[in-house]
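Working notes, structure below.
The values are calculated or read from the model by the stated rules, or taken from the named source; none is laboratory data. Worth saying up front: this structure is predicted, and the values here are computed from it rather than measured. Quick reminder, even Gly has a Cβ in these numbers, built from the backbone with ideal geometry, and neighbours come from all protein chains shown.
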Amino acid sequence: MTLPRTLLLIALVTFSVLLYAHEQVSKVVLLYDIQRDQKEKGLLSDTHYLLKYQVSALASPSSLEARLAKTDLHLDLPEDRKVIRLAMEERVPLAKKKVLFDWISATKVAEAGSR
Amino acid sequence: MFQKSHGGGLRLLFSFFFLLYALLGVRLLERQLFQYGKFRRVADSQHFPTLALFAHRGEILDRQGKPLALAYPTDSLYLASREISNKEEISYRLSQTLNVSPQFLLERARRDKSFVWVKRKLPPEVSEEIKGLKLKGVDFRKETKRVYPGGSLASHLLGYVNIDNSGLEGVERYYHRWLQGEDGFRQVLRDARRRVLPSLELKYRKPVDGLTLVLTIDEAIQHIAERELEKSYQKWSAKGATIIVMDPVNGEILALANRPTFDLNAPGASTASDRRNRAITDLFDPGSVFKVITAACALQEGVVKEGDKIFCENGMYHISNHVLHDVHPYGTLTFREVIQKSSNIGTVKVAQKIGPERLHKYILAFGFGQKTGIDLPGEISGMVRPPNKWSGTSIATIPIGQGVSVTAMQLACAMAVIANGGNWVRPHLFKEALNSDGGVVKSSPAEPGRPVLQQEVAERLREILVGAVEEGTGKNAKLSGYRSGGKTGTSQKLDANGHYSNSEHMASFVGFAPSPNPRIVVAVIVDDPHPAYYGGVVAAPVFKEVAERVLRYLEVPPEEEGNTQIVLGQDQKKRPL
């Protein structure tokens, strides 16, 4: 075997070994990446389940009712027994109203003057 | 002399090293040949650990797909005690976060073990805080925690699990095998820093998640039933209360609740009495509700007709050296009125015409004295004596619901027979089971009902029971907008000596709505209410409140609007029941 051929063979073997080593190292690096991603996926999945529970708890009828009760202004129609019915005001003719307003104004002016 | 002694020293040294190497060689041979397996296992467990992959416990959903029971992963804390050097310090620091005594933790830390549980299923914020401390020998294992978003909603029905997620009560127990799934595992390669290389798996078995159960329960109906039951339970200072809402056509249970109740997320804080599912475990004399069975038998056997007149002895009837009374004395009533006004004497006179044998046959046909077969654990069958064991007064007590013991579920099923046109249907909670992809794996088989009554007899009985609500003892069960039928019941409880108590009663109302095409059967039982104790006063109003709301929820058109066609918009399509 001539020298150049020997050198070429050594170079090829070296290259192959380096390629193999590189491939193995890359594989391990990739495995660590996969592990990291799987861990992240697991954490997200855990969070998803936890949030799902929290949303369900918030949307449960008792929870909704409790929150509505807090903001309830109790604007129901009053019961009959709680209502005092006043007699309808008698319609006063406009002329009489004017006299009444004049008298009230005069009384107010007099009160202001006396102070 | 010197050379000789020098050579002897060398030989001695040589011999020493020879022996040393020989010993080493022997030891090496022993390790390699005889202890190979042991060390191989130790090395494998360090380099190729087997990690458990927990199956996710299946969810429980209501019929609309709303979650009633869920599971989420939590951290459980353990100590690798052998790895811990500063046990006192770690115990003290953990006790601050976990709110447990340092002595408890120290005792665990001092155990010569590589795995000691400290606290399981920690809240996420607590486990995060402990992880932040970065303590050596303190580690976590993932476990799933069962949680119930509704708290105490449907507690007796759903049941609960123990710390290892084994179902202990209710649906959790009955369907545990379907819900639990199957754990998997994987054997992986671990590097020197104990990091797992996930893709270099030697063995792998995928965990199979538990099936998701869809129940016949409707969360909204359950909530309505529980709210109204709670009001009645509080108002009448009762010892207990039960309500069942059922679809009479197919036996689907829409709601089931008991009082007292408990929080599913903390079952340990409740008593055994709180956790008892009274609807299927508690027996009581049904009282006047049972007159419906006597009436059904009488009509089906042609013993009486609705309009036949029966003299009710003005409230006092002598039978077998005993005197039977009516709450209100009546003269002559039609058979229809006997049931509507709940006359004991009128009913007993009809029962005497029927005879013990035929009456007993119908009692059994209506499902009394045997388990209904509902898919819940712990159901009891009740007590119905055969006719040859009836006493002289039995014919005066059993037809009016004394001397027989029934469960609330049996009463609901019996009323369903009348409501659906004469068939006894098995009550059930299971609707379907879904796999993790949402595909239906199993579904509730459509079971044909067992014929008990002819359809026309059931229709006539329904009309009589509508009359009992509109004109009889059940006026408080009259709905606004719908016609309803049902029967009140008030029975004395047995005291400690086995005698009927004059101070403790069971108030009940079992009815259906709307008439003539019932969509729901509602059974309400209130245990020992005070001061009122009549079924018509205590239980009937609960029926009214629940039935009205449920029918509106189910979008059943009210009768007043029945003559006009109600057109639902595109976005108001009728919700499937």
So which residues in segment B:347-376 are of a type in the set (Gly, Ala, Ser), in contact with a helix residue (DSSP H, G or I) (Cβ under 9 Å, 6 or more places away or on another chain) and not in a helix (DSSP H, G or I), if there are any at all?
B:GLY355, B:GLY367, B:GLY369
Say whether the condition of being without any contact (Cβ under 8 Å) to a residue 60 or more places away in the chain and either in a helix (DSSP H, G or I) or surrounded by fewer than 17 Cβ atoms within 10 Å (Cβ to Cβ) (or both) is met by at least one residue in segment B:429-436.
no
For segment B:114-168, what are the residues that are of a type in the set (Ser, Thr, Tyr) and within 13 Å of chain A (Cβ to nearest Cβ)?
B:SER127, B:THR144, B:TYR148, B:SER152, B:SER155
Residues of segment B:263-320 being in contact (Cβ under 8 Å) with a residue 60 or more places away in the chain, assigned to a helix (DSSP H, G or I) and on the phi > 0 side of the Ramachandran plot, in sequence order, are B:GLY287
Whether any residue in segment B:340-349 is within 41 Å of the chain's Cα centre (by Cα), within 16 Å of B:GLY536 (Cβ to Cβ) and surrounded by fewer than 21 Cβ atoms within 10 Å (Cβ to Cβ) is what I want to check.
yes
So if I check each of B:SER501, B:SER508, which one is among the polar types (S, T, N, Q), part of a strand (DSSP E or B) and surrounded by 24 or more Cβ atoms within 10 Å (Cβ to Cβ)?
B:SER508
Of all residues in segment B:169-201 being within 14 Å of chain A (Cβ to nearest Cβ) and of a type in the set (A, V, I, L, M), which is nearest to B:HIS428 (Cα to Cα)?
B:VAL188
Restrict the check to segment B:81-88 and report whether at least one residue is free of Cβ contacts under 8 Å to residues at least 40 places away in the same chain, assigned to a helix (DSSP H, G or I), away from chain A (no Cβ under 14 Å) and surrounded by fewer than 11 Cβ atoms within 10 Å (Cβ to Cβ).
no
Of the conditions (1) in contact with a helix residue (DSSP H, G or I) (Cβ under 6 Å, 6 or more places away or on another chain); (2) surrounded by fewer than 20 Cβ atoms within 10 Å (Cβ to Cβ); (3) free of Cβ contacts under 8 Å to residues at least 24 places away in the same chain, B:ARG111 fails just one. Which one is it?
(3)
Can you confirm whether B:GLY58 is more than 19 Å from B:SER166 (Cβ to Cβ), in contact (Cβ under 8 Å) with a residue 40 or more places away in the chain and outside any helix (DSSP H, G or I)?
no
Out of all the residues in segment B:397-417, is one or more out of contact with any Lys or Arg (no Cβ under 6 Å at 6 or more places or on another chain), under 23 Å from B:ILE319 (Cα atoms), polar (S, T, N, Q) and not in a loop (DSSP other than H, G, I, E, B)?
yes
Only residues that are free of Cβ contacts under 8 Å to residues at least 40 places away in the same chain and either farther than 22 Å from B:VAL304 by Cα or in a helix (DSSP H, G or I) (or both): list them for segment B:326-336, please.
B:VAL327, B:HIS328
Residue satisfying condition, being more than 22 Å from the chain's Cα centre (by Cα), closer than 28 Å to B:ARG278 by Cβ and surrounded by 18 or more Cβ atoms within 10 Å (Cβ to Cβ), within set B:ILE354, B:ILE395, B:ILE418
B:ILE418
May I ask you to list pairs of residues, at least six apart or on different chains, whose Cβ atoms are under 9 Å apart, with the first in segment A:46-75 being more than 7 Å from every other protein chain (Cβ to nearest Cβ) and the second being in a helix (DSSP H, G or I) and at pLDDT 90 or above?
A:SER63/A:ALA57; A:LEU64/A:LEU58; A:GLU65/B:HIS223; A:GLU65/B:ARG227; A:ARG67/A:LEU58
Residue among B:THR281, B:THR242 that is in contact with a helix residue (DSSP H, G or I) (Cβ under 6 Å, 6 or more places away or on another chain) and among the hydroxyl-bearing types (Ser, Thr, Tyr):
B:THR242
Would you be able to tell me the number of residues in segment B:377-388 that are in a loop (DSSP other than H, G, I, E, B), touching a strand residue (DSSP E or B) at 6+ places or on another chain (Cβ under 6 Å) and hydrophobic (A, V, I, L, M, F, W, C)?
0
